[in-house]
Amino acid sequence: MQHFNTKLLYPIAGMAVLASCGSSQKAEPTKPLNIVYIMTDDHTRQMMSSYDDRHIQTPNLDRIAEGGVLFNNAFVCNSISGPSRACLLTGKHSHKNGKLDNHTTFDGDQQTVQQLLKGAGYQTAMIGKWHLDSEPTNFDFWEILPGQGDYYNPVFITPQGRTQYDGYVTNIITDMSLDWLENKRKKEDPFCLFIHHKAIHRNWMGDTLDLALFEDKTFELPHNFYDNYEGRIAAAEQEMSIASNHDMDLVNDLKMMREGVETRLSGGYVNNTYGRMNEAQKAAWDKHYQPIIDEFYAANLQGKEWAEWKYQRYMRDYAKTVKSMDDNVGRVLDYLEANDMMENTIIIYTSDQGFYMGEHGWFDKRFMYEESMSTPLVMHLPSHIKKRGDIPQLVQNIDFAPTMLDIAGVEIPADIQGVSLLPLLTDKVDKDNWRKSLYYHYYEFPAEHMVKRHYGVRTERYKLIHFYNDIDVWELYDLKNDISEMHNLYGQTEYEEVTQELKRELKRLQEQYDDPIREEYPL
Ligand code: SGN
Ligand code: CA
């Protein structure tokens, strides 16, 4: 039998360990908590009602927050899928775990959270989007999508080979996860289950059951939808604009497929994402989209009308994809409830990064600006952990691995760069000594969406960014007065002192995390 040296034991006999029980507390038999980690792809706080209820209700994600905590200031280190996943598994920034961008191969032989948990007697399982190129290591069970995977009738890779499943990917990943919980794990051992959804990733294909949803809704246009990027060169030179027909594709992204209409991405849509549907799925799809397609080609929209029509279509399709994800998270919560597992399980919900819902006129992510550097983070806590409500401290995705290790009572190796969030959950935190700044570094350039390389520091109030490589441009934002990051204050004399302070802090972080700034990065 494994020996668990855990701080966060679940009291079998119903005795609260963490609630202050005073000296009368007896040594009750305890066992470690299970961890269910649910991560979606490109799901952003603007589309999650516990953060922002302007656009959509996400009742099941809200159930997680209501039974625990919501982090108001959760961020990633490098706002893109593969790197974000590598940060999660290693607890280290990209330059340390080696996964700088989506194209490099993750070295699965390095130290990972699943390896350490497995070594401590946890069962480990990984289901869904993996996106690290190399095969998963140190999971007792894994079934992953190749690359980005497909929404309909997806292929999965298993240690035994590839299998194709009929149906919609979010339902399938949930079915597999419930099947693992019910039939495949050893019920006596604690576990850490990673459920990694493909949704809400581009090209935002909803479940056929949900296609009619949100069609009558007009989504509020962000105030900076028509941003002119004044004073922000990198923002002006990206390729992630909703209004641009090059960036947001009429067929692939907006589903306006028509005989004779060929666009940059129509081949992939016609032959794969739409093309791979079976006849029944295509019939449901066409029934929904054909009238919209007919109306669209008859309307011949121009200018702002055209840009805003694209925005509405984007928002509607994205929202449908969120809806089925939320329903499926609900199925996992229902299962855990029905099996009396809420009391000994911590449920973490997050995304691999945030996303633009029309802010600055954009979709996609990558920038260190708020919408994409941030990520949703809520945790459902067993009732013996009393903490509820919002947590304002600055946290980052390198903190997930040490948090999981701390939950399991595994010693956190010294080379892990993140910190455990457990003290924030148990209020055993010295708030004055919590970190005051976060480090960020994005590398994938030149590449799709053309977001330039940059690194920077974010404090509670300010953000300083340095875009480098093919340019040498600094940006400074006062988040208290300009949360939308429209006014680059860098170079203004009244901000000179703040700038110098932030540069010192940036240098301190680069030394702390050992990320010396070089001219060239090996990609
Ligand atoms: C695909 C998308 C991009 C997206 C990247 C990375 N294009 O290449 O829009 O930025 O993935 O996303 S698509 O036409 O193939 O959908 S990530 O979340 O996996 O990093
Ligand atoms: Ca992503």
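Throughout, read-outs are computed from the coordinates displayed, never taken from laboratory work. It should be emphasised that the depicted structure is a prediction, and the values quoted were computed from it without experimental measurement. Quick reminder, even Gly has a Cβ in these numbers, built from the backbone with ideal geometry, and neighbours come from all protein chains shown.
I need the calculated FRET efficiency for the pair Thr158 and Glu496, taking r as the beta carbon distance and R₀ as 56 Å, to the nearest 0.05. With a Förster radius of 56 Å, E is 0.45.
What percent of all Cα-Cα pairs in region 101-155 falls in each 5 Å bin, counting up from 0? Going from the shortest bin to the longest, the percentages are 4, 19, 24, 23, 16, 9, 4, 0. Just name one of Gln115, Ile127, Leu61: the one whose Cα is farthest towards the positive end of the charge dipole of the chain (beta-carbon charges, Lys/Arg +1, Asp/Glu -1). Checked the options; the winner is Gln115.
Every Cα-Cα pair in region 64-203 was counted, and those over 18 Å apart are 60% of them. The alpha-carbon of Lys282 sits under 16 angstrom from the alpha-carbons of these lysines, leaving out residues fewer than 8 places away in its chain: Lys255.
Averaging Cα coordinates gives a centre for region 129-184 and one for region 194-241; these two points are 26 Å apart. Rounded to the nearest whole Hz, the Karplus-based 3J(HN,Hα) values (6.51 cos²θ - 1.76 cosθ + 1.60, θ = phi - 60°) of region 335-345 follow the sequence 5, 5, 5, 4, 9, 6, 9, 4, 6, 10, 10, with x at glycine and proline.
With label points built 7 Å along Cα→Cβ from the Cα atoms of Ser383 and Gln302, find their separation and express it in nm. Here the modelled spin labels are 6.5 nm apart.
By definition, a body whose alpha carbon gyration tensor gives a ≥ b ≥ c is oblate when a/c is 1.5 or more and a/b is not larger than b/c, and region 393-523 fits this oblate description.
Entry note, the chain: the mean residue ellipticity at 222 nm calculated from DSSP H runs of n ≥ 4, each adding -39500 (n - 2.57), is -8000 deg cm²/dmol after division by the residues and rounding to the nearest 500.
Could you please rank Val113, Val36, placing first whichever residue has the fewest other Cβ atoms within 10 Å of its Cβ? With the sparsest Cβ surroundings first, the list reads Val36, Val113.
Straightening the chain between Glu448 and Arg461 buys 1.6 nm, computed as 0.36 nm per residue apart minus the Cα-Cα spacing. Overall dimensions of the chain, expressed as equivalent-ellipsoid semi-axes from the Cα gyration tensor (√(5λ), whole Å, largest first), are 36, 30, 21.
If only the Cβ of Lys and Arg carry +1 and only the Cβ of Asp and Glu carry -1, the dipole of the chain around its Cα centre is close to 1180 debye. In plain terms, the C-alpha convex hull of region 182-295 casts an average shadow of 12.4 nm² when viewed from every direction. Taking a straight line from the alpha carbon of Lys96, these lysines sit under 30 Å away, with near neighbours fewer than eight places off in the same chain left out: Lys7, Lys118, Lys129, Lys198, Lys365, Lys428, Lys431, Lys436, Lys452, Lys463, Lys503, Lys507. 3J(HN,Hα) along region 310-317: 4, 4, 4, 5, 4, 4, 5, 5 Hz, from the Karplus curve 6.51 cos²θ - 1.76 cosθ + 1.60 with θ = phi - 60°, whole Hz, x for Gly and Pro. Across all C-alpha atoms in region 183-229, the radius of gyration and Dmax reach 19.8, 59 Å. Each residue, Gln290 and Arg258, gets one label point 7 Å from its Cα in the Cβ direction; the gap between the two is 1.5 nm. Between Lys480 and Met341, what FRET efficiency comes out of the Förster formula 1/(1 + (r/R0)^6) with R0 = 41 Å and r the beta carbon distance, rounded to 0.05? The value I calculate is 0.45.
With R₀ set to 30 Å, the beta-carbon distance separating Val429 from Glu511 gives a calculated FRET efficiency near 0.75. Can you compute the label reach from Arg504? Point 7 Å from Cα along the Cβ direction, backbone N cut-off under 17 Å, restricted to region 418-441. Backbone N within reach: 436-438.
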